[in-house]
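To keep things clear, I will list the structure first and then write my remarks on it.
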Amino acid sequence: MIPILLTIAFLGYFSIIFESSIRINKTITSILTGSLCWVVYAVFYEGSQAEISEQLLVHFGEIAGLLIFLLGAMTIVELIDLHKGFSVITNRIRTKSVLKLLWIVGLITFVISALLDNLATAIIMITLLRKLMPKSETRMVLAGIVVIAANAGGAFSPIGDITTTLLWIGGQVSALGIGKALFLPSLMCLLVPLLIASSRMKGFTILRVQLSMAEVIKEEKMRGSLSVFLAGVFGLVMVPVIKSVTGLPPFIGVLIALAFVSLVSIIYHRKKTQEIKDKFSVAYALTKVDVSSILYFMGILLLVYVLQDVQILSQLSQFLQQNLPNNQVMIIAIGVLSSIVDNGSLVAATQGMFPISEFPIDNSLWEFIALCAGTGGSMLIIGSAAGIAVMEKEKMTFLWYLKKITPLAISGYVAGILTYLLISYLGG
């Protein structure tokens, strides 16, 4: 049975990695791979079929919680976007200094990514840059910084990146714990690339024609941009608070947040025509949500759970621990690998490799995994959802990113790791 499972898993991962070459959507591949592995497990299992079904239902309960959480969070982001809520920030960026623009874009991306998620943040900031200035080498470099900043900002937030979300929902890290441990290392992952890039960014840029502040404020009032933006940020920030206070799964908090944002939108547009109301509704926002990525993680987690149940992941963990100097070297390697392989699937695999009984909540192992897997994807343009989004929107080539941005991302990755290790050494 195990050789068959490993063959299916290998072929599945291979197909996901080379999705663009074989032209099969990775969502279809992950769902098929995860489902087939459970079928093989059921066929060769020596016990009763009822036991297999019970195991699957228990695991799927956990998977469903993650899927609902992602669906709710993505819908909130889309609702904010429908109201042009992010323009509350982006419309106020008016400097013509390339150097100032570099730092403003980098730091704003870092902050927003922690509050939302790195993919949505990258799309928002690239849309801003496209409206702000014509395509040029400068805009391409700024777009590269957006990738680094989005991934760095998501690494220390339980709702900022799929890696930390998986670990948070899985009970490996707490919202407060991961924030305290990784904020400074994550910030260093951005600050070092910014400092290096600053030496190249000189002079001024020609900004596109922008609306006057009076027109901006008028448009924001018409759409309810500020109200919905503040409601969305408040709702998402309250998600970890609700989990900490009640102990309930995070999807409860995100559903409350979604209802709250929707109510704010309904109240704001209550006197308008039904046609206008429909354009700002949850139903319309749901049509914008990337459901494909949600289903992708469902397939990945189905695969991980079956490999965990047949002890393949625990055996892999033992092999790595016996053949590598320590867990830190392995995790750094996972971070590098995340620039090629989806970081969410890598983190899901490590959750199955290391039992929480041996590595309890907020253990340094989980924190280090979140840091390395979350920021390592910046080293290649294909290494993160944020990078792929930027590549598509900016028509950025793999080789250009490798030459111009990868050295910056590597410097940030190393700086973040050294900062975390130094803090751990001084603290303990």
Query - Subset of the stretch 403-420 (residues that are closer than 23 Å to Ile124 by Cα and not β-branched (Val, Ile, Thr)) - result: Lys404, Leu408, Ala409, Gly412
**Report entry** Unmet criterion (only one of (1) outside any helix (DSSP H, G or I); (2) at pLDDT below 85; (3) over 24 Å from Ile405 (Cα atoms)) for Leu248
**Finding:** (2)
Query raised in the report: Quick check, is Phe229 open to solvent by less than 80 Å² (accessible area, probe 1.4 Å), of a type outside the set (Gly, Ala, Ser) and over 24 Å from the mean Cα position of the chain (by Cα)?
Result: no
Query raised in the report: Where residues in the stretch 160-175 are of a type in the set (A, V, I, L, M) and crowded, with 24+ Cβ neighbours inside 10 Å, which of them is farthest from Ile388 (Cα to Cα)?
Result: Val173
Query - Subset tally (residues that are over 30 Å from Val58 (Cα atoms) and assigned to a loop (DSSP other than H, G, I, E, B)) for the stretch 304-339 - result: 4
Query raised in the report: Looking at Gly34, Gly61, which is the one that is open to solvent by less than 70 Å² (accessible area, probe 1.4 Å), assigned to a helix (DSSP H, G or I) and free of Cβ contacts under 8 Å to residues at least 12 places away in the same chain?
Result: Gly61
Query raised in the report: Does the stretch 42-56 hold any residues that are assigned to a helix (DSSP H, G or I) and within 17 Å of Leu303 (Cβ to Cβ), and which are they?
Result: Ala42, Val43, Phe44, Ile52, Gln55, Leu56
**Report entry** Subset of the stretch 1-31 [without any contact (Cβ under 8 Å) to a residue 12 or more places away in the chain and assigned to a loop (DSSP other than H, G, I, E, B)]
**Finding:** Phe18, Arg23, Ile24
**Report entry** Which listed residue, of Leu301, Leu316, Leu320, is open to solvent by less than 70 Å² (accessible area, probe 1.4 Å), closer than 21 Å to Leu5 by Cβ and modelled with pLDDT under 85
**Finding:** Leu320
Report task. For Val254, indicate whether it is part of a helix (DSSP H, G or I), at pLDDT 90 or above, closer than 30 Å to Thr33 by Cβ and open to solvent by less than 40 Å² (accessible area, probe 1.4 Å). Result -> yes
Query raised in the report: If we keep just the residues of the stretch 366-420 that are under 18 Å from the mean Cα position of the chain (by Cα) and not in a helix (DSSP H, G or I), which is surrounded by the fewest Cβ atoms within 10 Å (Cβ to Cβ)?
Result: Ile382
Requested in this report: Please verify whether the stretch 176-189 includes one or more residues that are over 16 Å from Ile369 (Cα atoms), open to solvent by 40 Å² or more (accessible area, probe 1.4 Å) and either among the hydrophobic types (A, V, I, L, M, F, W, C) or not in a helix (DSSP H, G or I) (or both).
Outcome: yes
Query raised in the report: Within the stretch 37-48, how many residues are hydrophobic (A, V, I, L, M, F, W, C), open to solvent by less than 60 Å² (accessible area, probe 1.4 Å) and touching a residue at least 12 places away in the same chain (Cβ under 8 Å)?
Result: 3
Report summary line: Of the candidates Gly85, Gly72, the one satisfying the condition of being open to solvent by less than 70 Å² (accessible area, probe 1.4 Å), outside any loop (DSSP other than H, G, I, E, B) and either of a type outside the set (Phe, Trp, Tyr) or at pLDDT below 90 (or both) is Gly72
Query raised in the report: Of (1) open to solvent by 10 Å² or more (accessible area, probe 1.4 Å); (2) part of a helix (DSSP H, G or I); (3) touching a helix residue (DSSP H, G or I) at 6+ places or on another chain (Cβ under 7 Å), Phe359 satisfies all except one. Which?
Result: (2)
Report task. Please give the number of the condition Ile340 fails out of (1) in contact (Cβ under 8 Å) with a residue 12 or more places away in the chain; (2) crowded, with 17+ Cβ neighbours inside 10 Å. Result -> (2)
Query - Sole exception among (1) open to solvent by less than 80 Å² (accessible area, probe 1.4 Å); (2) under 30 Å from Ser199 (Cβ atoms); (3) not in a helix (DSSP H, G or I) for Arg92, by number - result: (1)
Report task. Determine whether the stretch 316-336 contains at least one residue that is of a type outside the set (Phe, Trp, Tyr), more than 30 Å from Leu422 (Cβ to Cβ) and free of Cβ contacts under 8 Å to residues at least 24 places away in the same chain. Result -> no
Query raised in the report: Among the listed residues Ser262, Ser292, which satisfies the condition of being exposed (fewer than 14 other Cβ atoms within 10 Å of the Cβ), touching a residue at least 60 places away in the same chain (Cβ under 8 Å) and not in a loop (DSSP other than H, G, I, E, B)?
Result: Ser292
Query raised in the report: Right, Ala120: crowded, with 24+ Cβ neighbours inside 10 Å and either among the small types (Gly, Ala, Ser) or modelled with pLDDT of 90 or more (or both) or not?
Result: yes
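The values are calculated or read from the model by the stated rules, or taken from the named source; none is laboratory data. Treat the numbers as computed from the prediction; the structure is a model and nothing was measured. Every residue, glycine among them, receives a Cβ derived from its backbone with ideal geometry; neighbour counts consider all protein chains shown. Ligands, DNA and RNA are excluded from the accessible area calculation, which covers all protein heavy atoms including side chains. Shrake-Rupley method; radii C 1.70, N 1.55, O 1.52, S 1.80 Å.
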